[in-house]
Amino acid sequence: MESHGAGLGRVFVLAFCVAGIWSAYIYQGVLQETLSTKRFGPEKARFEHLAFLNLAQNVVCLVWSFIMIKLWSRSSNGGAPWWSYWSAGITNTIGPAMGIEALKYISYPAQVLAKSSKMIPVMLMGTLVYGIRYSFPEYICSLLVAGGVSSFALLKTSSKTISKLAHPNAPLGYGLCFLNLAFDGFTNATQDSITARYPKTSAWDIMLGMNLWGTIYNMVYMFGWPQANGYQAVQFCKQHPEAAWDIFFYCLCGAVGQNFIFLTISRFGSLANTTITTTRKFVSIVVSSLLSGNPLSTKQWGCVVMVFSGLSYQIYLKWQKLQKYQKKRKPM
């Protein structure tokens, strides 16, 4: 009976994590699309300063992680010092800024698909730079993802969708998304290096360090000179409080979502987290299509299915590797 109760408790926690990640990031995606396409006030003004979202997100997550460390963390002796995140903070500032700026040029579903193709640059770098050989199924996954993203990009976007974009320019939008992926790769590699050097570093420490440097860099970029975009963004929020509330809830969703991601990884591992976040991206595209009034065409849905089939197959391959690894460890 005890094991049965423990199993039910584990299922409940997993369902809680799924609900938390999905609700936080799906709603954040809705707010992100709203801020990039909506016209505010009687003058129908656009919020052009999307990079301001990254600064606001850094500040909220910095405060959130500081509170969580004070409330829940034990002694942090042996953790990475705050200054060690300065280089990862640079790429983590530039990358997300490019990703969110892409929404001026391409639709939200297109951005989600492009950012879902992270495995392609990783495999290219692994093959060309490090000489890594991947299995045939892994190449199938990358071909499905690459084929789906490129086909979606080549298909004609509806005029209604284009009319909502600030500056429609598909090549520039997709280019910014792939640069975002490249910078994310450097950020992840640097974070892995930090945690390898300082094994006692907690997830909250990483969140605090990354957002501290992100706040510093974004503050310089947004408010470093008299005509910087930050002043215009603040003025826009004063004139349009609705936009300010959207930005606040956008940042809050990001902070809450990170909590659920940390909980999922600590309780169920990174593979479960990858599965949940991947399915969340698919649901985000569905929600965007329904709420924006810009339904995708049949061919575009075919591209979406192709991309997420590749990602799902990749998750299955990772699960197989994990099962084999666990079986080898059991006799030990």
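The values are calculated or read from the model by the stated rules, or taken from the named source; none is laboratory data. Note that the structure is a prediction, hence the values are computed from the model and not measured. Cβ placement follows ideal geometry from the backbone for every residue including glycine, while neighbour counts extend to all protein chains displayed. The protein model used for the area step is the full one, side chains on, heavy atoms only, and it has no ligands, DNA or RNA in it. Shrake-Rupley method; radii C 1.70, N 1.55, O 1.52, S 1.80 Å.
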Cβ-Cβ below 8 Å, separation at least six or inter-chain, first residue in the range 239-266 and within 10 Å of A24 (Cα to Cα) and of a type in the set (S, T, Y), second open to solvent by less than 70 Å² (accessible area, probe 1.4 Å) and assigned to a helix (DSSP H, G or I): which pairs?
-> Y250/Q28; Y250/L31; Y250/Q32; Y250/L35; Y250/L53; Y250/A56; Y250/Q57
Among the listed residues T127, T157, which satisfies the condition of being assigned to a loop (DSSP other than H, G, I, E, B), of a type in the set (S, T, N, Q) and open to solvent by 40 Å² or more (accessible area, probe 1.4 Å)?
-> T157
Is it true that A88 is touching a helix residue (DSSP H, G or I) at 6+ places or on another chain (Cβ under 6 Å) and either charged (D, E, K, R) or within 18 Å of N180 (Cβ to Cβ) (or both)?
-> yes
Over the range 95-143, the set of residues under 22 Å from L290 (Cβ atoms) and touching a Pro at 6+ places or on another chain (Cβ under 9 Å) is I106
Residues of the range 302-313 that turn out to be within 21 Å of T275 (Cβ to Cβ), open to solvent by 20 Å² or more (accessible area, probe 1.4 Å) and more than 18 Å from the chain's Cα centre (by Cα), as a count | 4
Give the residue, chosen from K299, K328, that is touching a residue at least 60 places away in the same chain (Cβ under 8 Å) and open to solvent by 70 Å² or more (accessible area, probe 1.4 Å).
-> K299
Given (1) touching a Pro at 6+ places or on another chain (Cβ under 9 Å); (2) open to solvent by less than 40 Å² (accessible area, probe 1.4 Å); (3) over 25 Å from Y217 (Cβ atoms), index of the condition L53 fails | (3)
Please specify each residue of the range 166-194 satisfying the condition of being surrounded by fewer than 21 Cβ atoms within 10 Å (Cβ to Cβ), at pLDDT 85 or above and aromatic (F, W, Y).
-> F178, F183
Considering only residues that are surrounded by fewer than 21 Cβ atoms within 10 Å (Cβ to Cβ) and of a type in the set (A, V, I, L, M, F, W, C), look in the range 195-205 and name the one that is farthest from F262 (Cα to Cα).
-> A196
